[in-house]
Each structure stands twice: as structure tokens, then as C-alpha cells.
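The values are calculated or read from the model by the stated rules, or taken from the named source; none is laboratory data. On a predicted model such as this, the values are computed, not experimentally measured, just so you know. Cβ: placed from backbone, ideal geometry, glycine included. Neighbour counts: every protein chain shown.
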Amino acid sequence: MATRSPARPTVVCFVRHGTTPTTGKVLPGRAKGLHLAESGHGEAERAGARLAALGAVQALYCSPLERARETAKAIAGHVGVRAVVDRGLLECDFGEWTGADLAALRKLPEWDAVQHHPAGFRFPGGESFTELQARMAATVERLVTRHPGGVVVAVSHADPIKIAVGDAMGVPLDLVQRTVVSPCSVSVVAYSPGGPAVLAVNSTGDLAALGIAHGPGGGRS
């Protein structure tokens, strides 16, 4: 009796947006009007070239914020797929902390909870980490269901990507801040019926070495 080959996993490449003029200085959150710095545009172009080495990218999604859309636009030029905005990839809602200076926030007693007990923390007037976790889980499930066996690029922000990767690895929410997600880094997860496999985290190098290229038309439904 002929045996069926296992279903090809859906590969999701999570990309953090490129560097902005306030990266590492301010917690911009969902505030509008923040664009990529010149260095960020260069990072986005290089990320696009690395992602093109994966073969046929089936879909490209991005957060609606300008810095993510600009990153996705640069990537689109390399992978040949139009970027589509998906609000599920939006940055965490930092509420009253939006736009605050990071140096000042680090002096607050609440900052220790952000770093070491995010599962119990809600940003004042904003989103909780558990809500962000649920949102990202629903978003990933939707994208994987929509593109079975394909390669999907999702341009988002540091905390949402940390949580998505942490979920794939089975890491408790309180430990996700141990993961570093740099501007325009790529974190790759293969989702299959048997469970997710994390192929790369915070990668800024050669993605072709992962050996997941699907080839022309591969993975298209």
C-alpha cells in the first residue's frame, strides 16, 4: 500500500521592523508618524534579499504602523509579493507609557515586572502581555491556516515576535524577555500538525542555510 508523504509545514518568518530614529531610546508603541531611519531602510533591503533566498514566498503581512509597512515594502521588492496589512501583527498597546523615554521607564518599580513577570503585568491604560499572547496566537493560527505548506513573512515588532517564538518553543510567558529580537532580524518557525519547530531566532545572517526553500510555486494552495 502506498504511503502518503507528510504534509509540508507552513514556514512563518517573523521580521522585526528596521531601526527608527528612536530605537532604544523611546517606547513608541502605536503612536503614528514614526518612520524608518536611513539605516533602517538599508536593514530592510538586506532582510528582503535574505528572505528571497528561501524560494517562493507565498504571502507577506505587516503591522499597520509606518515603520513596519516601510520594512515590508522593501522586502516585497525582493520576494515579489505585495505586502498586506494585518492588525494582528500590531505592536503592543503601551497605553500611558506610549512615547515615554526608556531611561525613565527603567527607573520605575513596574519595569521589573515587565522584564521578570510579564504574565502578571498590564501596561497602564493599555494591553496586558496575556492579551498580546492570545492575539499573536490567533494571528499565527490564521496565517498558517490560510497558507498551508507555504512560506509566509510577517513583519511585526519586538514583543509580539518574542511571544510568538516563545509560544512555539513552549517557553512560559514570564521568560520571553530573555529572547533578543533585533531590528530587521528574522525568526523562523515551521508549523506542522505535529507541532511547531523553531528554525532560527534573531537571525541576521544567511537564511538559505536553513534548507527550507520551497522552490518556484512551492507550497501554493
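Tabulated values for the structure
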item	result
Pair list, Cβ under 8 Å, 6 or more apart: region 17-29 residue closer than 25 Å to L51 by Cα, other residue part of a strand (DSSP E or B)	H17/V155; H17/S156
Where C62 falls short, out of the listed (1) in contact (Cβ under 8 Å) with a residue 60 or more places away in the chain; (2) touching a Lys or Arg at 6+ places or on another chain (Cβ under 6 Å); (3) more than 26 Å from L210 (Cβ to Cβ)	(3)
Spans of helices (runs of 4 or more DSSP H) in region 50-156 with at least 2 residues hydroxyl-bearing (S, T, Y)	129-146
Matching residues in region 167-190 - criterion: being in contact with a Gly (Cβ under 8 Å, 6 or more places away or on another chain), surrounded by 19 or more Cβ atoms within 10 Å (Cβ to Cβ) and not in a helix (DSSP H, G or I)	P183, C184
Options K73, K162, K107; residue that is of a type outside the set (A, V, I, L, M), buried (at least 17 other Cβ atoms within 10 Å of the Cβ) and under 21 Å from G24 (Cα atoms)	K162
Selection status of A68, surrounded by 15 or more Cβ atoms within 10 Å (Cβ to Cβ) and in contact with a Pro (Cβ under 6 Å, 6 or more places away or on another chain)	no
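Per-residue answers, yes or no, for (1) among the aliphatic types (A, V, I, L, M); (2) farther than 30 Å from A49 by Cβ; (3) modelled with pLDDT under 95:
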residue: P124; (1), (2), (3): no, yes, no
residue: E131; (1), (2), (3): no, yes, no
residue: V176; (1), (2), (3): yes, no, no
residue: P193; (1), (2), (3): no, yes, yes
